[in-house]
């Protein structure tokens, strides 16, 4: 089975064998979790470079999923996860020994897909990873829809500006100005938004 996870910048293919960046507290190294991942034939990325931040590791190694095994995620970790969520979003699964409601809220805000507390869930590891990937996919889909809506609104505003300039300069009706914009876009092989922006920028420069 293949799970496709899309973001605004890339498409990640989630296969049965995943490339996993596993970050563990020092006292948790060689944990049951790590053994379970290896048993499931996942590829654990080498995490020996302490000079890199967590965000830098994700951008350099390009893992399919990030798993953090910790007693409790620190504020610095959550800040790094927020950076990752903006620059190189991916599914994030946290295994922690402790939790608070505020910490879980901050984790979700930072882009964490699943937060697992205080138990050995290694026997359900496959399901938990799938859950994290699916939640990530849904979150990215909502983000893409929101970005698309924002882009459409911005494009509509720039078209209205250009149309207003044309109506004023050429004494045309609103429909005539729009038809002129649309014809210019067709002639240039460009989108209506690009042509409108060029016209609006030119008018702004001249005035």
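Residues checked against (1) within 25 Å of residue 17 (Cβ to Cβ); (2) at pLDDT below 85; (3) not assigned by TED's automatic domain parsing to the domain that holds residue 19:
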{"site": "61", "(1), (2), (3)": "yes, no, no"}
{"site": "75", "(1), (2), (3)": "no, no, no"}
{"site": "88", "(1), (2), (3)": "yes, no, no"}
{"site": "92", "(1), (2), (3)": "yes, no, no"}
{"site": "106", "(1), (2), (3)": "no, no, no"}
{"site": "118", "(1), (2), (3)": "no, yes, no"}
message: Would you confirm, using the coordinates I've provided, whether residue 172 is over 20 Å from residue 152 (Cα atoms), touching a helix residue (DSSP H, G or I) at 6+ places or on another chain (Cβ under 9 Å) and in the same structural domain as residue 152 (by TED's automatic domain parsing)?
response: yes
- request: Return yes when residue 152 is assigned to a loop (DSSP other than H, G, I, E, B) and loosely packed, with under 15 Cβ neighbours inside 10 Å and no when it is not.
  value: no
Sole exception among (1) under 29 Å from residue 88 (Cα atoms); (2) touching a helix residue (DSSP H, G or I) at 6+ places or on another chain (Cβ under 8 Å); (3) modelled with pLDDT under 90 for residue 203, by number: (1)
field: Candidate set from segment 192-207 (those that are free of Cβ contacts under 8 Å to residues at least 12 places away in the same chain and either more than 33 Å from the chain's Cα centre (by Cα) or not in a helix (DSSP H, G or I) (or both)); member that is surrounded by the most Cβ atoms within 10 Å (Cβ to Cβ)
entry: 202
- request: Exactly one condition in (1) within 23 Å of the chain's Cα centre (by Cα); (2) not in a loop (DSSP other than H, G, I, E, B) is not met by residue 37; state its number.
  value: (1)
message: So, in segment 169-178, how many residues would count as being modelled with pLDDT of 90 or more, surrounded by fewer than 17 Cβ atoms within 10 Å (Cβ to Cβ) and part of a helix (DSSP H, G or I)?
response: 3
Residue that is modelled with the highest pLDDT, among those in segment 2-28 that are more than 18 Å from residue 61 (Cβ to Cβ), outside any helix (DSSP H, G or I) and in contact with a strand residue (DSSP E or B) (Cβ under 9 Å, 6 or more places away or on another chain): 25
- prompt: Before we move on, is residue 87 within 20 Å of the chain's Cα centre (by Cα) and in contact (Cβ under 8 Å) with a residue 40 or more places away in the chain?
  reply: no
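The values are calculated or read from the model by the stated rules, or taken from the named source; none is laboratory data. Quick caveat: nothing in here was measured; it's all calculated off a predicted structure. All Cβ positions, glycine included, derive from the backbone under ideal geometry; neighbour counts span all protein chains shown.
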